Amino acid sequence: IMERWLEGHSNDYIVRSHVAQTLYIHGRLDEAVAHYHQIIEDSACHADHNLIIETTARLFLGRCYIRQERYDEALENLQRAYELDDQYALTNLTLGECYTRMGRHDDALAVLEQAKKYEGKVSFTATDPIATRYSIRYAIAENLEAKGLLDQALVGYQEASEADPRK
């Protein structure tokens, strides 16, 4: 339905963002990437100062690239999303995930601590707050373990377990 709407309203970057998000959710990453690029590069989003759409497009473009193991491209977009809103927990968490996969554990820990600090703030995307709390703590523990800080990692894994006992 959204793709049909977009055919007649190709300049509507808000509808395009919904299409891109839906494609991302369904794992159609190449198509999502194309839509996110169009939002960032070819739409009036930036000129309209629509920071929510621009930040979300950068964030989820980065998430697409992480899933495709294209970490340098992910990092570029996630850093831009961070510049637009450094107090958004999901951006900090995703940036931490990217740094983790790149083996940059100190950088990961810095942004993950920031994610933890802002996890209670209102989000402009649909996120599960329990899953976010768990993911932040698990990622912190994972990076501490990678650095050989096993006692601290154990505490982090315990905090993750307490955040979501189902995991």
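Rundown of residues vs (1) among the hydroxyl-bearing types (Ser, Thr, Tyr); (2) part of a helix (DSSP H, G or I), yes/no style:
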| position | (1), (2) |
| --- | --- |
| LEU93 | no, yes |
| ASP106 | no, yes |
| THR127 | yes, no |
| ALA141 | no, yes |
| SER161 | yes, yes |
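Within the option set THR22, THR100, THR94, being surrounded by fewer than 18 Cβ atoms within 10 Å (Cβ to Cβ) and among the β-branched types (Val, Ile, Thr) holds for one residue only, THR22.
In the range 124-151, which residue that is among the polar types (S, T, N, Q) and loosely packed, with under 15 Cβ neighbours inside 10 Å is modelled with the highest pLDDT? Ranking the candidates gives THR127 first. Filtered by the rule that a residue be farther than 12 Å from LEU61 by Cβ and surrounded by 14 or more Cβ atoms within 10 Å (Cβ to Cβ), the range 29-49 gives GLU31, SER43, CYS45, HIS46. Scanning the range 50-72 for residues that are open to solvent by 70 Å² or more (accessible area, probe 1.4 Å) and either in contact with a strand residue (DSSP E or B) (Cβ under 9 Å, 6 or more places away or on another chain) or at pLDDT 95 or above (or both) gives ARG67, GLU69, ARG70, ASP72.
List the residue pairs whose Cβ atoms are under 8 Å apart, where the first residue sits in the range 69-82 and is free of Cβ contacts under 8 Å to residues at least 40 places away in the same chain, the second is open to solvent by 20 Å² or more (accessible area, probe 1.4 Å) and not in a helix (DSSP H, G or I), and the two are 6 or more positions apart or on different chains. As it stands, the answer is TYR71/MET102; LEU75/MET102, since those pairs meet every condition given.
Per-residue answers, yes or no, for (1) in contact with a His (Cβ under 9 Å, 6 or more places away or on another chain); (2) under 26 Å from TYR134 (Cβ atoms):
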| residue | (1), (2) |
| --- | --- |
| GLU31 | no, no |
| THR55 | no, yes |
| GLU69 | no, yes |
| LEU93 | no, yes |
| TYR99 | yes, yes |
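The values are calculated or read from the model by the stated rules, or taken from the named source; none is laboratory data. Quantities reported herein were computed from a predicted structural model and do not represent experimental measurements. Note that we place each Cβ from the backbone using ideal geometry, even for glycine, and neighbour counts take in every protein chain shown. Side chains included, ligands, DNA and RNA excluded: accessible areas come from the protein's heavy atoms. Shrake-Rupley method; radii C 1.70, N 1.55, O 1.52, S 1.80 Å.
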